[in-house]
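J.: What follows is a single structure, and I will ask about it in a moment.
Here, each number is a calculation from the coordinates, and none is a lab measurement. Everything numeric in this text was worked out from a predicted model, so none of it was measured. Because the Cβ atoms are built from the backbone with ideal geometry, glycine has one as well, and the counts that use them run over all protein chains shown.
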Amino acid sequence: MERVDRCVVLVDAGYLLGAAASLLAGEPVRSRITVDHPALVQGLRELAESDTERPLLRIYWFDGAPDRVPQPEHRRLRVMPRVTVRLGALTRSDGRWAQKGVDAAMHAELTELARNHACSDIVLVTGDGDLLPGLMSAKEHGVAVHLWAVQAADGDYNQSEDLVAEADERRVLDRSWITRAVRARDLGGLGTPPPAPRPEIAAILSAPLPEAALAAAQERAAAEAAAAAAPEGEQEPAAADGTPSAPAAKGVPTPKDLAALRAPGPQPPQPPPNATLRWSSDKGWIDRAGTLGEPPETASLPTLAQLTSAEQRWADREEDITTVGGDPYEVGQVFARRWMERLPENGHVSKLSTMYPRIPHRIDGELLRYAARFGLLAHKDDQIDEHDRYAIRAGFWREIDVRAAAEHAPAAE
């Protein structure tokens, strides 16, 4: 089989970005840096073609992700020309994240490319000595192996010496090259306290629980504890007419309670007039004055899905993949912007703005489902982290407030 004169780049993203973070931010934590992925990919391509004097076949980007679910950066990378993303698992142990399966995937790709004569030159951006057998196998199949390192923060090697010894060619990606696409994230100084929550998040978090709700919760907890401690077979006390007494009405109906109230057949005791409902978008308790379900003014608000055509849905997905970074606050802003741009009438924005900080239940659920696309789930229970939920809703409200303020602003003379 004739060998094809072209080059392939295999990137261990954990090594590349971790070493870049050490160099630019002083510690190998990727959250300490921001990455311009298109610029980074373009830089890798140009340098590989220059070093090998061969056209690029493909860049393989190997990285870890929780449950191998693509994160926002992976979604952006895998739609770029000549880029293929391979994901291993990302697991947490002893408070640190570790990649699983990335080295094995790189080893398999390296040996397969060489065995199939798919290229004449392979560029390895890694420091892991576990790839030594694959590197040696590629050389035995007649492939020239170029090993690239990231400049070490302490001036020493950050690669396996065995890899360095076996490579055909070496290059160090120095600070000036790295900073074309990577920069340290401005955290306001390592010794300063973390910034205070945005005012919108603080407002949502500050909604207090009324004393009545707290008392009801305490009574329920005491009743459940007494029931658990009662001897088996002991019956609940009967009422004066000899019938078993009904359980006390809960102060805060759950979704299950509400479903039972709407179901046909015998009805459970109705909640008292001052019962409160806790919706998914509430930090505090919202008095509903005994009304079950969403009020008419809320139910009349259309969802984003109802406002979105098939063509817009395709364009939304393209924007999500290529430009939306996945920050929780940004996700809320993007969702709100699309919703407002497609509303048939502006009155809906004014109506919604009066409900702050509660987002209507249907729209809130749609917002959180949208956010889940960006890897914001806590993968153990498929729920979004509490702080991320508030940040998502805060971004949503920021966009609503900006539009509402613009609509009420006096026209320029």
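J.: Where does the charge balance sit around Arg54 when Lys and Arg score +1, Asp and Glu -1, over other residues with C-beta under 13 Å from its C-beta?
T.: In short, -3.
J.: Another question about this same structure. Of the beta bridges DSSP finds with both residues in region 7-184, what % are antiparallel, to the nearest 5?
T.: 20 percent
J.: Count neighbours as other Cβ atoms within 10 Å of each site's Cβ, and list the GluC sites (Glu not before Pro) in region 303-387 that are DSSP loop with at most 16 such neighbours.
T.: Taking region 303-387 and a limit of 16 other Cβ atoms within 10 Å, the loop GluC sites (Glu not before Pro) found are Glu345.
J.: Please list, in chain and number order, the residues 5+ apart from Arg86 or on another chain whose amide H is under 5 Å from its amide H, with Hs placed from the backbone.
T.: Trp61, Phe62, Asp63
J.: Counting residues in region 304-408 as N, plug N into 2.2 N^0.38 Å and put the Cα Rg over that result.
T.: Normalised Cα radius of gyration, region 304-408: 1.05.
J.: Further question: In the neighborhood of Thr308, defined by Cβ-to-Cβ distances under 15 Å, what is the net charge if each Lys or Arg adds +1 and each Asp or Glu adds -1?
T.: Once positives and negatives cancel, what remains is +1.
J.: Another question, then. Using DSSP to define loop residues, name the GluC sites (Glu not before Pro) in region 18-110 whose beta-carbon has at most 15 other beta-carbon atoms within 10 Å.
T.: Of the GluC sites (Glu not before Pro), the ones in loops of region 18-110 whose Cβ has at most 15 other Cβ atoms within 10 Å are Glu53.
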